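Student: Quick one: structure below, then a few questions.
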Amino acid sequence: MKRVIPVLSLGALLLAALPAHATDTGLTHRDSYGTKAVYSPTLEYARAGGPPSGQNPRTYQQPPAGYTAVFTENVSRHGSRAATDGEDGDILLTLWKQAQADGRLTARGRRLGPDVQALEAAMSAIGYGNLSGRGKDELRATAVRLEERLPSLFSSVAANGEKIDVVSSGQGRAVDSGTVFSTALTDADPALKSSFGAARVDKNLLYFHKSAGGVDYQKWLASDRRLASTLKSVTDQPASHRAAARVLGRIFKPAFVQRIVDGDFSSTADDLTAATAVYNLYAIAAAMSEESPDGKGWRFDRYIAPRDAAWFGYLSDAEDFYEKGPSFSDSDITYRMAQPLLDDLFKQVEAKRDGTSNLGAELRFTHAEEIIPLAALMRLPGSEKAATPGVDYTYADNPWRGAETASLAANIQWDVFEKGDDYLVRMLYNEKEIPFKAGCEPIKKGSTFYDLNELEHCFGRS
């Protein structure tokens with residue numbers, strides 16, 4: 001049956017409330033960006049008026065007496081970047097030019113064309129998919145804070161001739177993230193320059209969703225009927241079409257919105273595709289803030305109301321949840337392929353303990369497609385709960401949020417402390433101390449330090 005949007009109903013549609021499961025359980029403005037949320041540790045984000053997402057550095061627990069930091073390692077997503085292509089801009093500009101010719105743009109909508117052209121030009125200038133100025137700043141700041149948290153470790157690395165290994169997926173933005181991060185460390189402590197060798201590429205470790213190790217996953221992603229039907233159920237529902245109408249109604253006059261709904265521009269986009277293109281540019285604009293004309297950011301929030309950004313953020317999160325994260329409770333296909341990366345985290349620590357490694361730090365740079373499965377495999381906070389088959393993932397009944405699990409520049413870090421033959425490990429998630437999964441026992445109640453032997457036992461390592 002054809003969907004009809006009467007001219008007189010558009011105002012009502014614009015006032016319609018977002019369905020409850022996208023608004024309750026503490027949903028924040030940041031959540032509406034999904035995995036395109038920019039990286040914001042506690043102090044910076046709190047000053048911007050948002051909730052804390054990291055940890056005040058003054059509150060980090062200190063290791064027990066006699067323990068010394070001897071090693072650190074991370075798995076970091078690349079920093080903020082441009083969109084990977086110009087498809088969303090092309091869709092919107094095609095529709096916008098037709099509406100302009102027909103005299104069917106709203107007063108707000110008349111701004112859209114120039115805004116899209118300017119944003120696309122800025123992304124093209126740095127290269128689609130490449131790090132933005134903000135992305136480079138995120139990596140620099142994270143590196144400096146790492147050195148400030150572990151000054152004695154890095155002093156020891158430089159003094160004792162230990163090495164720092166840098167490895168990436170080989171994709172440009174990940175390679176560049178490693179370079180920016182390394183340069184920031186040596187700027188903070190020039191004595192570290194001799195510790196860095198040539199950066200390495202390991203696609204099987206850090207791009208596993210598209211490497212030989214992910215073949216089963218790739219087949220599942222392309223052909224699993226349950227996945228396809230679930231995503232269609234979540235996305236192609238009346239609430240989505242209502243939200244799309246509200247988004248498009250900000251830009252185009254009612255008759256033109258109806259033409260999009262009726263399929264008059266099916267070769268370009270339907271209503272959901274067009275509204276999603278608006279959302280996608282809204283979501284990526286924050287990552288491109290330094291490339292805006294005045295350096296203060298873009299104003300794509302004028303084209304999508306907060307409740308509709310939240311809805312499309314939920315749709316984006318649902319796709320990532322099912323395709324990359326905890327997914328269905330009776331399957332581990334989405335995160336099983338992260339096992340080699342978890343193994344590598346352990347192997348680096350074990351080599352340090354066994355005296356077979358001269359590394360002081362192992363720095364890895366990768367993508368959301370790797371951070372999300374790793375978080376699910378490790379049962380990190382927010383990634384513990386999968387969806388019951390037949391019951392759709394919603395914000396109301398699941399804590400998983402893309403903005404918290406794998407924002408731009410998201411990172412997982414293990415710090416290792418030694419006292420004689422004893423080794424303790426502390427984990428930070430986006431620079432916040434967190435416990436290991438349930439069943440792993442810290443050295444004492446409330447501590448974030450775990451004996452390495454306990455972690456090996458807890459994770460089933462022989």
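Student: Within region 405-412, does at least one residue satisfy the condition of being open to solvent by less than 30 Å² (accessible area, probe 1.4 Å) and at positive phi?
Tutor: Quick first cut of region 405-412, residues open to solvent by less than 30 Å² (accessible area, probe 1.4 Å) only: 405-412.
Add one more test, that the residue is at positive phi, and what stays is 409.
For region 405-412, residues open to solvent by less than 30 Å² (accessible area, probe 1.4 Å) and at positive phi: present.
Student: Could you tell me whether ALA228 is among the hydrophobic types (A, V, I, L, M, F, W, C) and either in contact with an Asp or Glu (Cβ under 6 Å, 6 or more places away or on another chain) or modelled with pLDDT under 95 (or both)? Spell out the reasoning first.
Tutor: Values: among the hydrophobic types (A, V, I, L, M, F, W, C): yes; either in contact with an Asp or Glu (Cβ under 6 Å, 6 or more places away or on another chain) or modelled with pLDDT under 95 (or both): no.
The answer is no for ALA228.
Student: Can you pull out every residue in region 194-229 that is among the acidic types (Asp, Glu) and closer than 17 Å to LYS324 by Cα?
Tutor: If we filter region 194-229 for residues that are among the acidic types (Asp, Glu), which is where we start, we get 202, 216, 224.
ASP216, ASP224 - these are the residues of region 194-229 that are among the acidic types (Asp, Glu) and closer than 17 Å to LYS324 by Cα.
Student: Name the single residue, out of those in region 348-369 being acidic (Asp, Glu) and part of a helix (DSSP H, G or I), that is farthest from ASP317 (Cα to Cα).
Tutor: Of region 348-369, the ones acidic (Asp, Glu) are 350, 354, 362, 369.
Filter once more, keeping what is part of a helix (DSSP H, G or I): 350, 354, 369.
Values: GLU350: 35, ASP354: 41, GLU369: 13 Å.
Step by step, filter region 348-369, then rank; the result is ASP354.
Student: Related question: Out of the helices (runs of 4 or more DSSP H) lying entirely within region 120-214, which hold 2 or more residues that are free of Cβ contacts under 8 Å to residues at least 40 places away in the same chain? Break it down stepwise before answering.
Tutor: On the way: elements: 133-149, 151-160, 172-188, 203-206.
Filter on region 120-214 gives 151-160, 172-188.
Every residue, every condition in (1) aliphatic (A, V, I, L, M); (2) under 22 Å from the mean Cα position of the chain (by Cα); (3) modelled with pLDDT under 95, yes or no:
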| position | (1), (2), (3) |
| --- | --- |
| THR94 | no, no, no |
| GLN100 | no, no, no |
| GLY109 | no, no, no |
| PRO114 | no, no, no |
| ALA118 | yes, no, no |
| ARG140 | no, yes, no |
| PHE154 | no, no, no |
| ALA159 | yes, no, no |
| VAL166 | yes, yes, no |
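Student: May I pose another question? Report yes if LEU221 is part of a helix (DSSP H, G or I), open to solvent by 60 Å² or more (accessible area, probe 1.4 Å) and among the aliphatic types (A, V, I, L, M), otherwise no.
Tutor: Values: part of a helix (DSSP H, G or I): yes; open to solvent by 60 Å² or more (accessible area, probe 1.4 Å): yes; among the aliphatic types (A, V, I, L, M): yes.
For LEU221, the condition - part of a helix (DSSP H, G or I), open to solvent by 60 Å² or more (accessible area, probe 1.4 Å) and among the aliphatic types (A, V, I, L, M) - is met.
Student: Yes or no: ALA286 out of contact with any helix residue (DSSP H, G or I) (no Cβ under 6 Å at 6 or more places or on another chain) and buried (at least 20 other Cβ atoms within 10 Å of the Cβ)? Quick ask: steps written out before the conclusion?
Tutor: On the way: out of contact with any helix residue (DSSP H, G or I) (no Cβ under 6 Å at 6 or more places or on another chain): yes; buried (at least 20 other Cβ atoms within 10 Å of the Cβ): yes.
Spelling it out, ALA286 is indeed out of contact with any helix residue (DSSP H, G or I) (no Cβ under 6 Å at 6 or more places or on another chain) and buried (at least 20 other Cβ atoms within 10 Å of the Cβ).
Student: Same structure again: Quick check: anything in region 234-245 assigned to a helix (DSSP H, G or I), free of Cβ contacts under 8 Å to residues at least 12 places away in the same chain and farther than 28 Å from PRO340 by Cβ?
Tutor: Start the filter on region 234-245 by keeping residues that are assigned to a helix (DSSP H, G or I), which leaves 234-235, 238-245.
Imposing the further condition that a residue be free of Cβ contacts under 8 Å to residues at least 12 places away in the same chain reduces the set to 238.
Keeping just the survivors that are farther than 28 Å from PRO340 by Cβ gives 238.
Scanning region 234-245 turns up at least one residue that is assigned to a helix (DSSP H, G or I), free of Cβ contacts under 8 Å to residues at least 12 places away in the same chain and farther than 28 Å from PRO340 by Cβ.
Student: Something else about it: Give me the helices (runs of 4 or more DSSP H) completely within region 252-347, filtered to those with at least 2 residues that are within 30 Å of MET427 (Cα to Cα) and touching a Phe, Trp or Tyr at 6+ places or on another chain (Cβ under 9 Å), ordered by residue number. Walk me through how you get there before you give the answer.
Tutor: Working: elements: 254-262, 271-285, 306-324.
Because the criterion is at least 2 residues that are within 30 Å of MET427 (Cα to Cα) and touching a Phe, Trp or Tyr at 6+ places or on another chain (Cβ under 9 Å), the helices (runs of 4 or more DSSP H) in region 252-347 that meet it are 271-285, 306-324.
Student: Just checking, how many residues over region 180-198 are open to solvent by 60 Å² or more (accessible area, probe 1.4 Å) and in contact with a Phe, Trp or Tyr (Cβ under 9 Å, 6 or more places away or on another chain)?
Tutor: Of the residues in region 180-198, 0 are open to solvent by 60 Å² or more (accessible area, probe 1.4 Å) and in contact with a Phe, Trp or Tyr (Cβ under 9 Å, 6 or more places away or on another chain).
Student: While we're on this one: Report yes if LEU206 is among the hydrophobic types (A, V, I, L, M, F, W, C), within 30 Å of ASP317 (Cα to Cα), touching a Leu at 6+ places or on another chain (Cβ under 8 Å) and open to solvent by 40 Å² or more (accessible area, probe 1.4 Å), otherwise no. Walk me through how you get there before you give the answer.
Tutor: Details: among the hydrophobic types (A, V, I, L, M, F, W, C): yes; within 30 Å of ASP317 (Cα to Cα): yes; touching a Leu at 6+ places or on another chain (Cβ under 8 Å): yes; open to solvent by 40 Å² or more (accessible area, probe 1.4 Å): no.
Here the answer is no, as LEU206 does not meet what is asked.
Student: Taking the condition closer than 28 Å to GLY79 by Cα, out of contact with any Lys or Arg (no Cβ under 7 Å at 6 or more places or on another chain) and either in a loop (DSSP other than H, G, I, E, B) or not acidic (Asp, Glu) (or both), does LEU408 pass?
Tutor: Values: closer than 28 Å to GLY79 by Cα: yes; out of contact with any Lys or Arg (no Cβ under 7 Å at 6 or more places or on another chain): no; either in a loop (DSSP other than H, G, I, E, B) or not acidic (Asp, Glu) (or both): yes.
When the stated conditions are applied, LEU408 does not pass them.
The values are calculated or read from the model by the stated rules, or taken from the named source; none is laboratory data. From a predicted model like this one, the values you see are computed outputs, not experimental measurements. Every residue, glycine among them, receives a Cβ derived from its backbone with ideal geometry; neighbour counts consider all protein chains shown. With ligands, DNA and RNA removed, areas are computed over all heavy atoms of the protein, side chains included. Shrake-Rupley method; radii C 1.70, N 1.55, O 1.52, S 1.80 Å.
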